[in-house]
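Accompanying notes for the structure given below.
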Amino acid sequence: MQPALTVFFMLLFVLLCFLGSLANGFIVLMMSREWLRRGRLPPSNTILLCLGVSRFSQQCFGPVYVFNYFLHPVEFTKSLTRQIVCLHWDFMNSATFWFSTWLSVLFCIKIANFSHPTFLWLKWRLPGLVPWLLLGSVLISFVVTLLFFWGNHNMYQDFLIRQVSGNMSHREWNRRLETDYFMPLKLVSMSLPCSLFLVSILLLMSSLRRHIRRMQHSAHNVRDPSSQAHTRALKLLISFLLLYAMSFVSLVIDATVFIPSDSPWYWPWQITLYLCMSVHPFILILSNLKLRGVFRKLLLLARGFRVT
């Protein structure tokens, strides 16, 4: 890749992380402000706060790994800094997937209409279980992080032995590290939250279809408030589904296809990996009435300062 094109993708990556950090920081600030004022948060806002904190942390530590690996691939791979950053990234990445899943499940339970006793029980009990679900997500993420650390440490020791004997190169070690251990671990640890996320979308689509059919049979307007709430939630979840699927597939591909720092695809690939956590907070802001109102005021205020 030409140096000018490399610089362009680097700047695009930095801009993407900066905008994502602003959006996630805005969500954290607004939710924290509401928490301090009221002393408590509704279940959905509690998940938003946790999701904003995890993504903000990812976008603070993630670029440290990306740039250090780009500038010093061999030295950084063997450094203590890499181990610390990877531990943080693995924990926050797992927690982010779980928090996003619980947010979609809560949307589904809140809006969808089913008469099944299990669904009615979930509709009644799930909001009160949100703190325990978040705590469970943190514990699962902690266990997953320990498994990543254990595999990384053992494979690294094996690499040092083989490097001394000259049987394995740095690139071969990275590829083996990803394909033999991290890829199965990523698939197992992410399959459950992704499955729950897909089930929540399918249930919401089924509820919307049944509601529209019921309104048509009773000669009511299909654009009643319930249908509009279904549609808004479905649009939000489908837009997130595209980003969620892209993020999941990107992480799986990242574990199977090793892209070195000198590859022309290194920076476009990093942009793809960070796209979901940078774009999705803007979707959440625009879909939340209170967040959208404050965000518009800030934009108008910034525009007024620029004009003056």
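The values are calculated or read from the model by the stated rules, or taken from the named source; none is laboratory data. What you see is a predicted model, and the numbers here were worked out from it, not measured in a lab. FYI the Cβ positions are ideal-geometry reconstructions off the backbone, even for glycines, and counts take in every protein chain you see. Quick note on the areas: whole protein, heavy atoms, side chains included, nothing else; ligands and nucleic acids left out. Shrake-Rupley method; radii C 1.70, N 1.55, O 1.52, S 1.80 Å.
Any idea how many residues of segment 93-120 are part of a helix (DSSP H, G or I) and either open to solvent by 30 Å² or more (accessible area, probe 1.4 Å) or under 20 Å from residue 204 (Cα atoms) (or both)?
Number satisfying all stated conditions: 19.
Taking residue 223 and the conditions (1) surrounded by fewer than 18 Cβ atoms within 10 Å (Cβ to Cβ); (2) part of a helix (DSSP H, G or I); (3) at pLDDT below 80; (4) not aliphatic (A, V, I, L, M), which numbered condition does it fall short on, given that it satisfies the others?
(2)
Limited to segment 75-84, what total is found for residues that are open to solvent by 60 Å² or more (accessible area, probe 1.4 Å) and in a helix (DSSP H, G or I)?
4
Can you name the number of the only condition in (1) open to solvent by less than 20 Å² (accessible area, probe 1.4 Å); (2) over 16 Å from residue 294 (Cα atoms); (3) within 16 Å of the chain's Cα centre (by Cα) that residue 13 fails?
Only one criterion in (1) open to solvent by less than 20 Å² (accessible area, probe 1.4 Å); (2) over 16 Å from residue 294 (Cα atoms); (3) within 16 Å of the chain's Cα centre (by Cα) is unmet by residue 13, namely (3).
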